[in-house]
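Working notes for the structure below.
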Amino acid sequence: MEPTTHPVRSSDGVSLTVEEYGGPGGAATVVFLPALGVPLAYYGKLLAAWAGRGRHVVGVELRGMPRSPVPDLRKGTFGYAQLIREDLPAVFADASVRDAGRIVLAGHSLGGQLALLSGACGSVRPDAVVTIGTGTSSQHAHRGAIARARRVAGVRFVGAVTGSLGYWPGHRFGFAGRQPRTLMNDWAYEARHGRYRLHGDRTDYESALAELSVPTLLLGIEGDRMIPAAAVDHLAHRLPAQAERAQIEAYPDHFLWARRTPEKTIDAVETWLTARGL
């Protein structure tokens, strides 16, 4: 199934791109958000297979990625707050999403964090939130002194390079792609402290997450070394008790599951959504 591409103008003027698979029907529409530094095109097989189940799917190319470009990421000043409060409301206001009866906001890794944070603060109002391979980046989610020390060193390295250059050259290090300082500072704060504090946003996101009222599912990928089960658990414990947590045996990699075994993840999510009439 080939998607239809829509331009979406964010409230601060950035031109975003969404890809729409199918059209609204009886089942809820899925709005999907990619991981940090991963283009939407990477998830083409996943989104097409999901739409093949009769599900209306809208994929979002995040700000700063190839199809939602900004003039120069090295000088960019956007962070999580702009993605949550400027971009996602614009996507929800677009006809591809606005005309849907019910909406499931889903995301992989950072995309899942954005789904949770935007739903918690009320910048958008989905009927359910689903995260895949999403968890804390904190050292406390890693077992053993060596693993924790490596995580601390990695976070410090990202901070040092970003502070020195004024941006994160992730395309050179194989992590997160090229990203602006503010966005990486938001990432690093959660990684250091195990809680969210967004630059330029006074919202108490930990309190907001603890009161997230919509049905929520956090899926961990068995064998995911970047976001292990404990990292998903750490984030799940910051949500209401009714938030559900599951571990699935897809392809054992943080990224490759989306291309190698997307059906296993779709099966798990669809079973959960069907049980809730979505």
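The values are calculated or read from the model by the stated rules, or taken from the named source; none is laboratory data. Quick caveat: nothing in here was measured; it's all calculated off a predicted structure. All Cβ positions, even for glycine, are placed from backbone atoms using ideal geometry, and neighbour counts span all protein chains on display.
Tabulated values for the structure
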| item | result |
| --- | --- |
| Residue pairs meeting the criteria (Cβ under 7 Å; at least 6 apart or on separate chains; first in a helix (DSSP H, G or I), in the range 174-200; second surrounded by fewer than 18 Cβ atoms within 10 Å (Cβ to Cβ)) | R181/G166; T182/T77; T182/H199; N185/H199; D186/H199; Y189/R197 |
| Checking S68 against (1) in contact with a Ser or Thr (Cβ under 8 Å, 6 or more places away or on another chain); (2) buried (at least 22 other Cβ atoms within 10 Å of the Cβ); (3) polar (S, T, N, Q), the condition it does not meet | (2) |
| Qualifying residue in the range 220-227 (condition: under 18 Å from the mean Cα position of the chain (by Cα), part of a helix (DSSP H, G or I) and closer than 22 Å to V38 by Cβ) | no |
| Output for the range 48-86, where each listed residue is under 14 Å from the mean Cα position of the chain (by Cα) and either at positive phi or small (G, A, S) (or both) | G59, G79, A81 |
| Residue in the range 126-138 that is of a type outside the set (K, R), at pLDDT below 95, surrounded by 21 or more Cβ atoms within 10 Å (Cβ to Cβ) and part of a helix (DSSP H, G or I) present | no |
| Any hit, the range 100-122, residues being farther than 16 Å from R192 by Cα, assigned to a loop (DSSP other than H, G, I, E, B), in contact with a helix residue (DSSP H, G or I) (Cβ under 8 Å, 6 or more places away or on another chain) and charged (D, E, K, R) | no |
| Filter result (of a type in the set (D, E, K, R) and closer than 13 Å to I132 by Cα) within the range 226-262 | D233, E244, R245, E249, D253 |
| Qualifying residue in the range 264-276 (condition: touching a helix residue (DSSP H, G or I) at 6+ places or on another chain (Cβ under 8 Å) and either among the aromatic types (F, W, Y) or farther than 22 Å from R53 by Cβ (or both)) | no |
